[in-house]
Amino acid sequence: MAREHIITGIDIGSRYIYTVITAFNPDAPVPKVIGVGKVASEGIRKGLVTNISEAASAVLRSVEEAERYAGVSASRAFVSVGGSHIVSQQSRGTIAVSRADGEISENDVARVIEEASAVAFPANREILHNIPSEFIVDGQGGLRDRDVVGMNGIRLEANTLMIGGSTPHLRNLERVLSENNIDYQGFVLSPLAASKSVLSRQQKEVGVLCLDMGAGTTNLAVHENGQLIYANVLPIGGDNITNDLAIGLRVQIETAEILKREFGMATSGEISKGETIDLSQLNPNEEGKVSRKDVVTIMEARLNEIFDMVNKELRGIGREAYLPGGVVLVGGCTKIPRIVDLCRQKLRLPTQIGFPRDVEGVVASMDDPSYATVIGLVFWGIEESGYKTGGGGKGISMPSSGIAKSMLSKLGKLTRSLLP
């Protein structure tokens, strides 16, 4: 029987830091969760490190909590990256097929993706992922990596989506991890990780949006024909709703958060104007009453704005109201009642909540859309190891990750950021 591999994911969010430790056996169908940690986030705002020591302390508490459950050390981990510093751009690489008989090999696929990486990138940015969306063999397009390997041709081309992050922010994240003696195995864009745990193969084929609505940011990942075709991070999230409530109702920020969580909804149509909330019952430092209708109306206005921004992103790539797989919502904001209804109405797409799947162990705590990203990091790690879930056995690593490692070995320490 194959030896178990310990794979750890750390999702560093603006509200919470999640750590999941899993044991993965290549002969087993799914990974087993053996440790879970969740602590309030500190030193992080809108996905960015604002205080290294506070962030390092919060990460340590989350990791230690997971280690206590697991009974093993989490010295290596895959770590999520988000925030408005994320940039993406299309790229293209072209190579001559290396073999004399013209048969395309995995090495050719790796080389053409690496060639696509050799383009100018915005200053002070580093490549996180270079994900192929299409391969072209002697002018025949619409092919995937698994299609082209073994085909014959003279010229191989690849269209890729390059995703990069701020160099200073990535260095700050490294500092946060190194202070806890954690060796990061890869930085992974948050919505890309979440997609791994909640989207089906069919959804990715027909076209789907994974929408991660967190406290500080709203993250998009659009998949079509089995490939990621677009990703972006919007600097707006659940904290903006809380701030709106604090300002609009003239209450303390702590009270506003309680109002959002306990009395909030995404749509105000069913709320009676006469329904009131006694603030002193929520916070002894508050007095008076507020209308629940006002609470929900404020929340609805901000959520409408968020979905309008998402719709604008989809319009920009020609996918407005045109994703048969619909929208899969993850993140803390998805717990707001009726948010599925509002999203379906605003984006004019079928909408559902995404729950992590294909894991065993502490399943009860995993049945939560807030864990989508951290579980997705585990699946990313499994693919990095060259394995696939669902029955075990070696599989072909993602081209983007294989290339990142190849480039790392060639370019050395200065290109460590190419790890996905």
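The values are calculated or read from the model by the stated rules, or taken from the named source; none is laboratory data. Model, not experiment: these values are computed from the prediction. Neighbour counts are summed over all protein chains in view; Cβ atoms, including those assigned to glycine, are modelled from backbone coordinates with ideal geometry.
Residues of the stretch 150-194 that are of a type in the set (A, V, I, L, M, F, W, C) and closer than 24 Å to Arg61 by Cα: Leu170, Leu173, Val176, Leu177, Ile182, Phe187, Val188, Leu189, Ala193, Ala194.
Ala194 meets all of the listed conditions (1) assigned to a strand (DSSP E or B); (2) within 11 Å of the chain's Cα centre (by Cα) but one, namely (1). The criterion of at least 3 residues that are under 24 Å from Gln185 (Cβ atoms) and modelled with pLDDT of 90 or more is met, among strands (runs of 3 or more DSSP E) falling completely within the stretch 68-140, by 76-81, 125-137.
Filtering Ala66, Ala56 for residues that are more than 29 Å from Asp147 (Cβ to Cβ), touching a Leu at 6+ places or on another chain (Cβ under 9 Å) and crowded, with 18+ Cβ neighbours inside 10 Å leaves a single hit, Ala56. Screening Ser195 with (1) out of contact with any Leu (no Cβ under 8 Å at 6 or more places or on another chain); (2) more than 21 Å from His169 (Cβ to Cβ); (3) buried (at least 21 other Cβ atoms within 10 Å of the Cβ) gives one miss only, at (1). The set of residues in the stretch 373-390 that are small (Gly, Ala, Ser), modelled with pLDDT under 95 and in a helix (DSSP H, G or I) contains only Gly381. Just checking, does the stretch 316-325 include any residue being on the phi < 0 side of the Ramachandran plot and assigned to a helix (DSSP H, G or I)? Within the stretch 316-325 (the criterion being on the phi < 0 side of the Ramachandran plot and assigned to a helix (DSSP H, G or I)), the answer is yes, since at least one residue qualifies.
If the condition is being part of a loop (DSSP other than H, G, I, E, B) and either modelled with pLDDT of 95 or more or more than 13 Å from the chain's Cα centre (by Cα) (or both), then the stretch 355-372 contributes Phe355, Arg357, Asp358, Val359, Val362, Asp367, Asp368.
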